[in-house]
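See structure below.
The values are calculated or read from the model by the stated rules, or taken from the named source; none is laboratory data. All figures in this text were calculated on a predicted structure; none of them were measured in a lab. Note that we place each Cβ from the backbone using ideal geometry, even for glycine, and neighbour counts take in every protein chain shown. All accessible areas refer to the heavy atoms of the entire protein, side chains included, with ligands and DNA or RNA removed. Shrake-Rupley method; radii C 1.70, N 1.55, O 1.52, S 1.80 Å.
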Amino acid sequence: MDFILGLAGYIIPFVVVLTIIVFVHELGHFWVARRCGVRVEVFSIGFGPELFGWNDRHGTRWKFAAVPLGGYVKFFGDADATSSSTDQAAVDSMSAADRAVSFHHKRLPQRAAIVAAGPVANFLFAIVIYTGLFSLVGQPYTPPVIGGVVAGSAAEAGGLKPGDRIVTVDGSPVQRFEELRTYVALRAETPIRLAVLRDGAEIALTLVPRRVDVPDGFGGTQKLGQVGIQSAGAMEFVRHGPAMAIVQAVRQIGTEISTTFTYLGRIIKGKESGDQLSGPLGIAKMSGDIAKSGWLALVSLMATLSVAIGLINLFPVPMLDGGHLLFYAVEAVRGRPLGERAQEYGFRVGFALVLSLFLFATWNDLNRLPVFNFIAGLFS
């Protein structure tokens with residue numbers, strides 16, 4: 001019984017968070033499709049056999065499926081759930097009335113808007129969450145003032161002193177100590193330029209963060225950049241008015257997107273390993289652990305994951321939304337769509353890439369979170 005309850009403590013938060021994010025993503029596709037006059041045949045949360053569902057007055061089948069690891073909307077004229085192919089025979093034989101509600105007969109800007117609406121909905125959802133949190137609860141805030149410098153650290157070597165206030169890092173303004181920590185974490189062994197306010201004067205310094213082992217929350221460690229400084233003040237939660245909360249929410253999302261691209265870029269350059277990528281097991285573990293801290297932390301995680309899912313879906317990989325948008329860009333340049341064979345091969349390559357990423361991330365999860373240790377932890 002303890003095992004079942006422990007496992008449920010991880011699975012339930014994970015499924016709830018993922019279901020909400022997927023619903024928002026697919027609702028974006030659905031809403032814009034309906035505004036463009038497209039008939040939506042299926043709105044599914046999950047894949048595989050249907051568990052339960054219902055039909056609305058417009059003929060859309062809303063359903064929950066057995067595998068809660070995603071979802072889809074199926075438009076009129078699609079041959080499958082991914083909209084990666086069409087039922088060409090059915091499309092060619094459509095009546096004028098059917099063509100009017102067929103996704104594949106809509107103008108290029110309309111199709112692009114429908115596809116882009118899913119990721120956009122994820123970003124807007126994250127903005128709503130962060131705005132609400134920053135307005136009602138407050139944004140974590142620690143003044144970017146140095147209270148202590150670790151002896152022998154990169155900070156000491158670079159000339160930082162207690163009382164210094166960090167003004168910019170590599171030219172970007174620093175408002176909070178938390179922003180500096182995030183920026184430094186992904187720049188181990190890479191020089192960074194700081195503008196520091198000291199005794200009323202601004203001075204320029206260069207530091208090289210050192211790669212150190214930091215607990216990863218899975219019982220192991222991950223190697224991140226650190227400079228060896230401590231903040232002068234304690235963290236507090238600063239509440240913003242509605243307008244400033246929106247500004248800070250957008251800024252937070254911009255930071256998360258920038259951090260993602262920085263990490264991926266450093267992997268490509270060989271400056272970072274890919275062992276920080278997490279798959280479903282890692283996200284489930286994270287959801288369960290964060291849920292124990294309270295619902296506010298879980299809601300914040302939901303915003304972070306919504307940004308991640310929106311961003312990933314915009315990658316120009318066939319099978320993802322970004323892949324569809326890439327094909328539409330080619331269609332706009334050529335004046336006609338790519339041939340069916342070219343699109344078919346593209347989606348096969350895209351499927352292979354997505355599957356490879358999934359397996360790689362899951363392998364990372366298993367390495368960070370050995371199954372037997374995880375199961376044993378459920379009993380503790």
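Some observations on this one:
- For segment 36-178: rounded, prolate or oblate by the Cα gyration tensor [a/c cutoff 1.5]: prolate
- Efficiency of FRET from Cβ geometry, D98 and V67, R₀ 45 Å, rounded to 0.05: 0.90
- Normalised by the number of residues in the chain, the average gap of Cα pairs under 8 Å and 6 or more apart makes the relative contact order 18 percent.
- Cα shape, segment 167-254, gyration tensor, a/c 1.5 rule: oblate
- Normalised by the number of residues in segment 295-369, the mean separation of alpha-carbon contacts (under 8 Å, six or more apart) gives a relative contact order of 20 percent.
- Point-to-point label distance, F47-A342, nm (Cα→Cβ direction, 7 Å offset): 2.7
- For Cα Rg over 2.2 N^0.38 Å, calculated from these coordinates, the label among (i) 1.08; (ii) 0.97; (iii) 1.14: (iii)
- Taking the chain as the region of interest, the number of lysine pairs whose Cα atoms are within less than 28 Å, with members eight or more places apart or on different chains, is 10.
- The gain in end-to-end length when the E189 to A329 segment is fully stretched comes to 46.5 nm, 0.36 nm per residue minus the alpha carbon separation.
- A full extension of the chain between H58 and V16 corresponds to an added length of 12.4 nm, given 0.36 nm per residue minus the alpha carbon distance.
- ³J(HN,Hα), Karplus 6.51/-1.76/1.60, whole Hz, each residue of segment 285-290, x for Gly, Pro: 4, 5, 4, x, 5, 5
- Here is how the number arises for the chain: DSSP H runs of 4 or more residues each give -39500 (n - 2.57), the sum is divided by the residue count, and the result at 222 nm is -17500 deg cm²/dmol.
- Average accessible area per residue (Å²) across the chain - probe 1.4 Å, nucleic acids and ligands excluded: 51
- Accessible-area composition of the chain, carbon plus sulfur, in percent [1.4 Å probe]: 66
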